[in-house]
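Okay, so here's the structure we're looking at.
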Amino acid sequence: MIVFKFGGTSVGSAENIKKVAAIINDCNRDKIVVLSAVSGTTNSLVEINNCLANDKKEDALAIIDNLEISYNQLILELFNEENHHLDAQLFIKTKFEELRSLTNEATKNEKIFLAQGEIISTNLFQIYQKQLGNSTALISALDFMSIDTNEEPENEKIKTKLTAILANNKAQTIITQGFICLNPDNEVDNLKRGGSDYSASLIGAAINAEQIQIWTDIDGMHNNDPRYVENTFPIGEISFDEAAELAYFGAKILHPQSIIPAQKNNIPVLLKNTFNPEAKGTLIKNCHNSTGVRAIAAKDGIIAIKIKSYRMLMAYGFLNNVFAVFEKYHTPIDMITTSEIAVSLTIDNQKYLKEIVAELNTIGKVEYDTDMSIICLAGNFSHSGKGISAAVLNCLTDVAIRMISYGGSQYNISLLVEKNDKVRALNLLNEGLFVQQNKPQEA
Ligand code: ADP
Ligand code: ASP
Ligand code: MG
């Protein structure tokens, strides 16, 4: 079985939905199709929640009205057979009445609002497949996808439930929602923004799929962030380790956790472009690529914390005490560097910053900086390889580097810079590590 996941832009208009259907229907295999919400919808749902939280119900209702208008336009373009257009119309009308009634108990319904984008896209897609004469099954992600109290996916439960659902469903194409799930209180929840990639990978792992295909609006994983750097290029093949580092450290093409389930189960992930299906894309699999930098990514919203203490000198147990504070507040540490009297580390979650700083202040003198970015270089930096760190730092002689992490894993070099320096650093690294390297040598 193959898992296909299509992102927001891929299902972002009637024309694009037709492209998605053509890609799927071209594949004569058993498959699960995971869909995101139509692009922009989840942002609108977030806005609705914000309006309701700020007692601006009228504004929330206006967003709902506009969203309904845009869906009515979309279905007008998607359905040329009257009976299917009527089905879609009825679905949209009922759904938007439901959304309006949800505004009455706003705070209770936040997560329910957020789930509606994927519920709408999958229902419309199934009606469109009917118009094409294809019988498909639509299964609700809420019947099998779940997270535990730590917001971690419940892999065994997902597997058991999904296997049972599939045993009763013989359709060649099964459609389901990305992003949405149930939490331990059986309430509607989600896998965080961009979470449909994660859904696809969790589903792939649960059914031991042959391959997980992530279809998006770009022809694979590029060597650098195309939003900030010109002339980036797609990478044909990349290892799970490298892809996982890039996803975690900001390559938006993949949700930060999405590679882990595929990697654990050794299921190759193919990144493809819905708008250029002929392009080869990027294959992520268990392989060891040649040494050197494969790709660069950047993650914003980083907080750097420095704890300085002379008690650290020649002492053991100091780091243990530091880590215990982060454990207590369920806040993961990304980067860490130490000297004899100080330790610097980074986090990406501000939620308990005040509490963390207060407790760390009992251990040592604490300073912190917000609005930092981690630049992650992924590749295969074997420990015997020479010159890579020098090549990286040579590109950045003009950029202030606050922390450097090298050797933590063979696949990652991380640098911490101020967010304002991020774009310049990405471009300088691109120039020095890719453009100059590939220039023909002068005779
Ligand atoms: P989808 O809606 O299909 O999930 P996303 O917008 O989440 O798509 O991810 C695709 C986008 O990720 C691309 O349009 C591109 O701008 C961005 N991106 C960031 N870094 C990379 C990278 N290294 N390679 C490819 N795309 C990247
Ligand atoms: N619709 C959700 C979002 O916009 C999930 C996704 O697209 O992956 O974040
Ligand atoms: Mg995405």
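Scanning the stretch 352-369 for residues that are part of a loop (DSSP other than H, G, I, E, B) and touching a Ser or Thr at 6+ places or on another chain (Cβ under 7 Å), which turns out most open to solvent (accessible area, probe 1.4 Å)?
For the stretch 352-369, the residue satisfying everything is 352.
If I filter the stretch 50-65 for residues that are among the β-branched types (Val, Ile, Thr) and within 16 Å of ligand 3 (Cβ to nearest atom), do I get at least one hit?
Among the residues of the stretch 50-65, not one is among the β-branched types (Val, Ile, Thr) and within 16 Å of ligand 3 (Cβ to nearest atom), which makes the answer no.
With respect to residue 251, is the statement that it is surrounded by 22 or more Cβ atoms within 10 Å (Cβ to Cβ), in contact with a strand residue (DSSP E or B) (Cβ under 8 Å, 6 or more places away or on another chain), assigned to a loop (DSSP other than H, G, I, E, B) and not assigned by TED's automatic domain parsing to the domain that holds residue 154 true?
Answer is yes for this residue.
Got at least one residue in the stretch 52-59 being open to solvent by less than 10 Å² (accessible area, probe 1.4 Å) and either out of contact with any Leu (no Cβ under 8 Å at 6 or more places or on another chain) or outside the structural domain of residue 93 (by TED's automatic domain parsing) (or both)?
Of the stretch 52-59, the ones open to solvent by less than 10 Å² (accessible area, probe 1.4 Å) are none.
No: zero hits.
I'd like to know if the stretch 173-195 contains one or more residues that are more than 20 Å from the chain's Cα centre (by Cα), open to solvent by 70 Å² or more (accessible area, probe 1.4 Å) and under 26 Å from residue 23 (Cβ atoms).
no
Please go through the stretch 320-346 and give me each residue that is open to solvent by less than 70 Å² (accessible area, probe 1.4 Å), of a type outside the set (Gly, Ala, Ser) and more than 24 Å from residue 249 (Cα to Cα), ordered by number.
341
Just to verify a result, which residue in the stretch 211-221, among those that are open to solvent by less than 10 Å² (accessible area, probe 1.4 Å) and within 12 Å of ligand 1 (Cβ to nearest atom), is nearest to residue 8 (Cα to Cα)?
214
Residue under question is residue 304, and the condition is that it be among the aliphatic types (A, V, I, L, M), in contact with a Ser or Thr (Cβ under 7 Å, 6 or more places away or on another chain) and either over 26 Å from residue 213 (Cβ atoms) or touching a residue at least 40 places away in the same chain (Cβ under 8 Å) (or both); does it hold?
Answer is yes for this residue.
For the structure I just gave you, tell me whether residue 423 is surrounded by 12 or more Cβ atoms within 10 Å (Cβ to Cβ) and in a loop (DSSP other than H, G, I, E, B).
No.
Of the residues 208, 224, 231, which single one is away from ligand 2 (no atom under 16 Å from the Cβ), surrounded by 23 or more Cβ atoms within 10 Å (Cβ to Cβ) and part of a loop (DSSP other than H, G, I, E, B)?
224
Inspect the stretch 373-386 for any residue being of a type in the set (Lys, Arg) and either under 23 Å from residue 251 (Cβ atoms) or not in a loop (DSSP other than H, G, I, E, B) (or both) and give the result as yes or no.
no
State yes or no: is residue 39 surrounded by fewer than 19 Cβ atoms within 10 Å (Cβ to Cβ) and within 15 Å of ligand 2 (Cβ to nearest atom)? I'd like the intermediate steps shown before the answer.
Values: surrounded by fewer than 19 Cβ atoms within 10 Å (Cβ to Cβ): yes; within 15 Å of ligand 2 (Cβ to nearest atom): yes.
Criteria met by residue 39.
Here's the yes/no breakdown for (1) in the same structural domain as residue 53 (by TED's automatic domain parsing); (2) within 22 Å of residue 30 (Cα to Cα); (3) touching a residue at least 12 places away in the same chain (Cβ under 8 Å):
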| site | (1), (2), (3) |
| --- | --- |
| 112 | yes, no, yes |
| 115 | yes, no, yes |
| 122 | yes, yes, yes |
| 126 | yes, yes, yes |
| 130 | yes, yes, yes |
| 143 | yes, yes, yes |
| 148 | yes, no, yes |
| 152 | yes, no, no |
| 164 | yes, yes, no |
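Is one or more of the residues making up the stretch 270-281 part of a helix (DSSP H, G or I), more than 13 Å from ligand 1 (Cβ to nearest atom) and either in contact with an Asp or Glu (Cβ under 9 Å, 6 or more places away or on another chain) or not assigned by TED's automatic domain parsing to the domain that holds residue 432 (or both)?
No - not one qualifying residue is present in the stretch 270-281.
For the stretch 330-344, what are the residues that are without any contact (Cβ under 8 Å) to a residue 60 or more places away in the chain and either touching a Lys or Arg at 6+ places or on another chain (Cβ under 8 Å) or at positive phi (or both)?
Selection gives 331, 341, 342, 343, 344.
Name the residues in the stretch 167-213 that are among the acidic types (Asp, Glu) and either more than 24 Å from residue 135 (Cβ to Cβ) or outside the structural domain of residue 119 (by TED's automatic domain parsing) (or both), would you?
Across the stretch 167-213, the qualifying residues are 185, 187, 189, 197.
Six or more apart or on different chains, Cβ under 8 Å: which pairs go from a residue in the stretch 227-244 that's under 20 Å from residue 422 (Cβ atoms) and near ligand 1 (Cβ under 9 Å from one of its atoms) to one that's open to solvent by less than 60 Å² (accessible area, probe 1.4 Å) and part of a loop (DSSP other than H, G, I, E, B)? Could you list them?
Partner pairs satisfying both residue conditions: 232/223; 232/224; 232/225.
From the set of residues in the stretch 10-36 that are within 17 Å of residue 195 (Cβ to Cβ) and β-branched (Val, Ile, Thr), which is farthest from ligand 2 (Cβ to nearest atom)? Spell out how you get there, then give the answer.
Just the residues of the stretch 10-36 that are within 17 Å of residue 195 (Cβ to Cβ), to begin with: 10-11, 32-36.
This time we only want the ones that are β-branched (Val, Ile, Thr), so: 11, 32-34.
Values: 11: 9, 32: 16, 33: 14, 34: 9 Å.
Out of the qualifying residues, it is 32.
The values are calculated or read from the model by the stated rules, or taken from the named source; none is laboratory data. All figures in this text were calculated on a predicted structure; none of them were measured in a lab. So basically every Cβ, Gly included, is an ideal-geometry build from the backbone, and we count neighbours across all protein chains shown. Protein only, heavy atoms only, side chains kept; ligands, DNA and RNA dropped before computing areas. Shrake-Rupley method; radii C 1.70, N 1.55, O 1.52, S 1.80 Å.
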